[in-house]
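*Asks:* Could you have a look at this structure, given as structure tokens, before my questions?
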Amino acid sequence: MKPQHPPRQLDENLTYAAVARTRKPFLSAPGSALVDTPNFPPAYKAEASGGRDFLNVLKTERELDWTYLSPSVFFSPGERTGKFRLGKDQVLTGADGQSKISMEDYAIALADEIENPQHHRERFTVGY
């Protein structure tokens, strides 16, 4: 059983939150979540659905400036290249047809966003 945590109020001094998720509520087509497609792996469905639900809660937030970063489909340790693309709600794929990003480049994308916010009250993704 997962531990239950009581809801917490936001600190009144908090003005910006950067959310980094490892399971992605991508859209497979406009208005259609990838997690809701028939071929989505059942082992990841609960976590991805939770991410989608949390993103929907953030979208209703009116006082906090937030950003939500999703990695590519394949997200694993690798090399820090500093060369990646940013996208919005759709899965990013490379020339090889794969959707991937190293944890190292994902961390750089997140740090860049925190230092110089470009995605206010929206989700974005990172990939090669």
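*Asks:* Set the Förster radius R0 to 22 Å, insert the Cβ-Cβ distance between PHE54 and ASP112 as r into 1/(1 + (r/R0)^6), and round the FRET efficiency to 0.05.
*Replies:* 0.50
*Asks:* Along the charge dipole of region 16-127, pointing to its positive end and built from +1/-1 on Cβ of Lys, Arg, Asp and Glu, which listed residue (PRO117, THR81, ALA33) has its Cα farthest out?
*Replies:* Of PRO117, THR81, ALA33, it is ALA33.
*Asks:* Just to check I understand the Karplus step: with θ = phi - 60° and J = 6.51 cos²θ - 1.76 cosθ + 1.60, what whole-Hz values come out for region 56-62, glycine and proline as x?
*Replies:* These are the phi-based 3J(HN,Hα) values: 5, 5, 4, 5, 8, 5, 10 Hz.
*Asks:* Residue separation times 0.36 nm, minus the C-alpha to C-alpha distance between VAL91 and GLU79: what's the value?
*Replies:* Between VAL91 and GLU79, full extension yields an extra 2.3 nm.
*Asks:* Shifting gears a bit: Starting from the alpha-carbon convex hull of region 63-102, give the projected area averaged over all orientations, in nm².
*Replies:* Answer in nm², one decimal: 3.8.
*Asks:* Right, here's the next one. Taking every alpha carbon pair in region 16-127, what does the distance histogram look like in 5 angstrom bins from 0, in percent?
*Replies:* Taking all Cα pairs of region 16-127, the binned fractions are 2, 12, 22, 25, 21, 12, 5, 1, 0 percent.
*Asks:* OK, next. With just the Cα atoms of region 71-128, tell me how far they stretch along each of the three principal axes, in Å, largest first.
*Replies:* 30, 23, 15
*Asks:* What residues have an amide H closer than 5 Å to that of PHE74, excluding those fewer than 5 places away on the same chain, when H is modeled at 1.01 Å from N in the peptide plane?
*Replies:* SER99, LYS100, ILE101
*Asks:* Using the Cα centre of region 16-127 as the reference point, and only Cβ charges (+1 on K/R, -1 on D/E), how large is the resulting charge dipole? Debye, rounded to the nearest 20.
*Replies:* 280 debye
*Asks:* Taking the mean number of other Cβ atoms within 10 Å as a proxy for protection, how do you rank 76-85, 63-72, 89-98 from highest to lowest?
*Replies:* Going by the mean number of other Cβ atoms within 10 Å, highest first, we get 63-72, 89-98, 76-85.
Readers should treat all values here as calculations from the given coordinates under stated rules, not as data from a laboratory. In this text the structure is predicted, and so the values were computed from the model without any measurement. With ideal geometry, Cβ positions are generated from the backbone for all residues, glycine too; neighbour counts draw on all protein chains shown.
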